[in-house]
Amino acid sequence: MKMELDRPAQRPSGFSIRPMTTADIAAVTRIERASFSTIWPSDAFYNELNANKLAHYFVGFFDQRVVAYGGIWVILEDSHVTTLAVDPEYRGRRFGEVLLLRLIDEAIDRGAAWMTLEVRESNSVAQRLYRKYGFTTVTMRTGYYSDDNESALIMWAGSLRSELYRNRLTALRARIERA
């Protein structure tokens, strides 16, 4: 864990985040197709934005272009990362990390104490990021992904509102800002 926190941060200069709108769906779908082998149905994002009161989605911009997106559901004290992706051309610039931090902040602001997500067993890059932000693997869902029957790790981060977790977020945020 210490090694992950001590890695030099590279601040994603020029990257900004705002709530997703229906006008963003085409760009989000482009990133979705480039990022995942199984994609959401074409109307899923529209329904999430317009019909799901528990859903909160964001897009990340760089050079006036949508290059990342992510979303959560907040249900009482629980939150669930539903999706998070960065355009393959823009990976490695910490855009996904900054967006994850925004999702965590949103969950906390909406009263969540816990956050969960599923991640492919083979996606070690995402798993490292999630562990950095306090997620731990609690179980595995065998054959979770329908495209290739790959298993999903179920990860949880708890006590989001605790002083210890707030201190962790403060330290990680400072590392991003210092670079």
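Observations on the model:
Conditions tested, residue by residue: (1) more than 25 Å from Arg161 (Cβ to Cβ); (2) open to solvent by 50 Å² or more (accessible area, probe 1.4 Å); (3) without any contact (Cβ under 8 Å) to a residue 40 or more places away in the chain.
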{"site": "Phe61", "(1), (2), (3)": "yes, no, no"}
{"site": "Arg65", "(1), (2), (3)": "yes, yes, yes"}
{"site": "Arg93", "(1), (2), (3)": "yes, yes, no"}
{"site": "Glu106", "(1), (2), (3)": "no, no, no"}
{"site": "Tyr133", "(1), (2), (3)": "no, no, yes"}
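- For region 9-35, the candidate set comprises residues that are under 17 Å from Gly96 (Cβ atoms) and in a loop (DSSP other than H, G, I, E, B); within that set, the residue that is modelled with the highest pLDDT is Met20.
- Neighbours by Cβ (under 6 Å, 6+ apart or cross-chain): first from region 113-130, farther than 16 Å from Arg141 by Cα and of a type in the set (A, V, I, L, M, F, W, C); second open to solvent by less than 60 Å² (accessible area, probe 1.4 Å) and in a strand (DSSP E or B): Met115/Ser79; Met115/Ala157; Ala126/Val119
- Whichever residue in region 36-59 is open to solvent by less than 30 Å² (accessible area, probe 1.4 Å) and not aromatic (Phe, Trp, Tyr) and, among such residues, is farthest from Leu101 (Cα to Cα): Ala44
- Subset tally (residues that are farther than 14 Å from Met115 by Cα, touching a residue at least 12 places away in the same chain (Cβ under 8 Å) and of a type outside the set (D, E, K, R)) for region 135-152: 7
- Condition check for Ile72: surrounded by 16 or more Cβ atoms within 10 Å (Cβ to Cβ) and assigned to a strand (DSSP E or B): yes
The values are calculated or read from the model by the stated rules, or taken from the named source; none is laboratory data. Everything numeric here is computed off the predicted structure, so don't read it as measured data. So basically every Cβ, Gly included, is an ideal-geometry build from the backbone, and we count neighbours across all protein chains shown. Please note that ligands, DNA and RNA were not included when accessible areas were found on the heavy atoms of the full protein model with its side chains. Shrake-Rupley method; radii C 1.70, N 1.55, O 1.52, S 1.80 Å.
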